[in-house]
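For reference, the structure is listed below as structure tokens.
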Amino acid sequence: MGKYDTQVDLQNIKEMLFFFDVLNHLPTPKKRGAAARTGVKIPVILSADDNYSCFVAVTGASILYNTNSFIEFYIISEGISDANKALIVKTFTDITSDFSVEFLECDSTKEFTQIKLPENYHVKLNTCNRLLFPKLAPKVDRAVYLDVDLIVLGDIKQIWDEKLDGHIIGAVPLLMDRLSTVEIMRNKAGISEDTSYSYFNSGVMLIDYAKWRQKKGSNKQIIADLFNILSTMNADVTPDELILNKFAYLNGGYKVLPHKYNVHPYYSYQYLLNNQKKLSPYEKNTLDEIEACLEKYHYKKEIKLNGDPIVRHFFAHEKPWTSVKQVYLPIPIIKHFENFWFYAKMTPYFDDIKYKFLSWRLPEPEKVYPEEYEKISDYGLLVKDAFNFSKNKIKYWRYKFLSNITFGKKRQKYKNKKKQLKARLQQVKETLKSK
């Protein structure tokens, strides 16, 4: 077993166990047929650098797998390599032929020199590249923008069919967050304290670029207006989101879309509501702040929280490629963890994303190479035996009984199985004892 038998703590053992169980039970994706085409063409904007190209593939796969519409992908590329571009296209081709892809090259360090993000900040400057889309694709009239740390669980046509009622942007308010957090973001965006404007998350947006051009006069003027807004604020966190919210605030607001199109910490809110009697002081304070936020900004009147998610957005540290547990609050497992891995399995990046997950749990993560995966998998199976210890003890006694009442090759077969299982049970005991 090498280094994996003593250096992984019990929590990581449990998480790896769950991880291997999920991967071992993933259904096999099927190629989507083209027989039931809707005739609708939906422009979808995705944006990433080379490191996140694998998640472009996963998000795109989830879109294509769940729709019969033709998807026109516009992928804003911050240095995505030709090899990764080819793998993204291969992912989509393996699902359906009902798509097109155009890669739009962009360099955020040259475009957004006035933005200074904190060192080691989890949001990269290239998230601002979405602001330049009117310049990069000047003829697109309407599009759905999606972050790539999300999966689409339903038909994206549902978002496309939403009416904007005269607004330029449709989005989902930043729901279920602490009142203090939302107010900090509103203040940074320069939104007045005496307004009930609902600050939105920019990870999912429906945008009417034709109306935007009509309002501002040209694509060039749209960009100039956004940069003018940037000059009025200290955009040191989520800069693109701050700019877009300030734009919406100054231009008649935005169309509030149903929460199902951008579901994130709602599950934590449900947990708090369902477990009020046993909450820690911190959790109780979090619930109070969420309730205060809902009340102050009238989300309860504007948003329907029920219904199945169309888009599942994995926020902050709640990423299925790094974590099993939802860390925002102590809910055991990230909701839709297995769905993410189902779509990841459709991509050529599946092994790479698996190693990314495992590298967070194993010593010397830079040495977790494909050739070592078999060892790690074997360790996961050993752990599985530990959590099924009683069942395996019954198996052991069954093999012992059968070896006593059979003869010849069958007896030898059961004796060998008994011996192997006995050794494995002993290994499990020693492993758990070392923890």
Here is a check on your reading of the model: is I45 within 18 Å of W341 (Cα to Cα) and in contact with a strand residue (DSSP E or B) (Cβ under 8 Å, 6 or more places away or on another chain)? no
Members of the stretch 198-247 that are touching a strand residue (DSSP E or B) at 6+ places or on another chain (Cβ under 7 Å), part of a helix (DSSP H, G or I) and not small (G, A, S): Y209, D240, E241, L244, N245
Here are some residues: T109, T91. Which one is over 22 Å from L206 (Cβ atoms) and more than 22 Å from the chain's Cα centre (by Cα)? T109
May I ask you to verify whether I115 is modelled with pLDDT under 95 and surrounded by 17 or more Cβ atoms within 10 Å (Cβ to Cβ)? yes
Got at least one residue in the stretch 342-349 being modelled with pLDDT of 60 or more and in contact with a strand residue (DSSP E or B) (Cβ under 8 Å, 6 or more places away or on another chain)? yes
If we keep just the residues of the stretch 182-197 that are in a helix (DSSP H, G or I) and touching a residue at least 60 places away in the same chain (Cβ under 8 Å), which is surrounded by the fewest Cβ atoms within 10 Å (Cβ to Cβ)? M185
Give the residues of the stretch 248-263 that are open to solvent by less than 10 Å² (accessible area, probe 1.4 Å) and not in a helix (DSSP H, G or I), sorted by residue number. L257, N262, V263
Which numbered condition V44 misses (of (1) outside any strand (DSSP E or B); (2) open to solvent by less than 10 Å² (accessible area, probe 1.4 Å)): (1)
Considering the stretch 47-58 alone, what residues qualify as being over 16 Å from K356 (Cα atoms), open to solvent by 10 Å² or more (accessible area, probe 1.4 Å) and out of contact with any Gly (no Cβ under 9 Å at 6 or more places or on another chain)? S47
Taking the conditions exactly as written (touching a Leu at 6+ places or on another chain (Cβ under 8 Å) and either part of a loop (DSSP other than H, G, I, E, B) or of a type in the set (S, T, Y) (or both)), does T96 satisfy them or not? yes
Can you confirm whether Y266 is among the aromatic types (F, W, Y) and either surrounded by fewer than 22 Cβ atoms within 10 Å (Cβ to Cβ) or without any contact (Cβ under 8 Å) to a residue 12 or more places away in the chain (or both)? yes
Looking at this structure, is D177 under 23 Å from T286 (Cα atoms) and acidic (D, E)? yes
Anything in the stretch 122-172 that is part of a loop (DSSP other than H, G, I, E, B) and within 18 Å of the chain's Cα centre (by Cα)? List them, or say none. H122, V123, K124, D147, V148, D149, L153, G154, D155, I156
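A quick yes/no check of all residues on (1) modelled with pLDDT under 95; (2) under 30 Å from G39 (Cβ atoms); (3) open to solvent by 50 Å² or more (accessible area, probe 1.4 Å):
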residue: I88; (1), (2), (3): no, yes, no
residue: T96; (1), (2), (3): yes, yes, no
residue: Y121; (1), (2), (3): yes, no, no
residue: K124; (1), (2), (3): yes, no, yes
residue: F133; (1), (2), (3): no, yes, no
residue: V152; (1), (2), (3): no, yes, no
residue: Q158; (1), (2), (3): no, yes, yes
residue: D161; (1), (2), (3): no, yes, yes
Residues of the stretch 294-338 that turn out to be assigned to a loop (DSSP other than H, G, I, E, B), modelled with pLDDT of 75 or more and open to solvent by 80 Å² or more (accessible area, probe 1.4 Å), as a count: 3
Sole miss for W212 among (1) surrounded by fewer than 18 Cβ atoms within 10 Å (Cβ to Cβ); (2) farther than 27 Å from F314 by Cβ is condition (1)
In the stretch 220-229, is there at least one residue being open to solvent by 10 Å² or more (accessible area, probe 1.4 Å), in contact with a His (Cβ under 7 Å, 6 or more places away or on another chain) and among the aromatic types (F, W, Y)? no
May I ask you to verify whether Y65 is hydroxyl-bearing (S, T, Y) and either over 15 Å from Y343 (Cα atoms) or more than 17 Å from the chain's Cα centre (by Cα) (or both)? no
Is it the case, given these coordinates, that A61 is open to solvent by 10 Å² or more (accessible area, probe 1.4 Å), assigned to a helix (DSSP H, G or I) and farther than 19 Å from G39 by Cα? no
I'd like the residue in the stretch 34-65 that is among the polar types (S, T, N, Q) and modelled with pLDDT under 95 and, out of all such residues, is nearest to I151 (Cα to Cα). N51
Looking at the stretch 98-112 only, could you name the residues that are open to solvent by less than 20 Å² (accessible area, probe 1.4 Å) and farther than 15 Å from G79 by Cα? D98, F112
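The values are calculated or read from the model by the stated rules, or taken from the named source; none is laboratory data. Since we're looking at a predicted model, the values are computed, not measured. Reconstructed Cβ throughout: ideal geometry from the backbone, glycine too, with neighbour counts over all protein chains shown. SASA here: full protein model, heavy atoms, side chains in, ligands and nucleic acids out. Shrake-Rupley method; radii C 1.70, N 1.55, O 1.52, S 1.80 Å.
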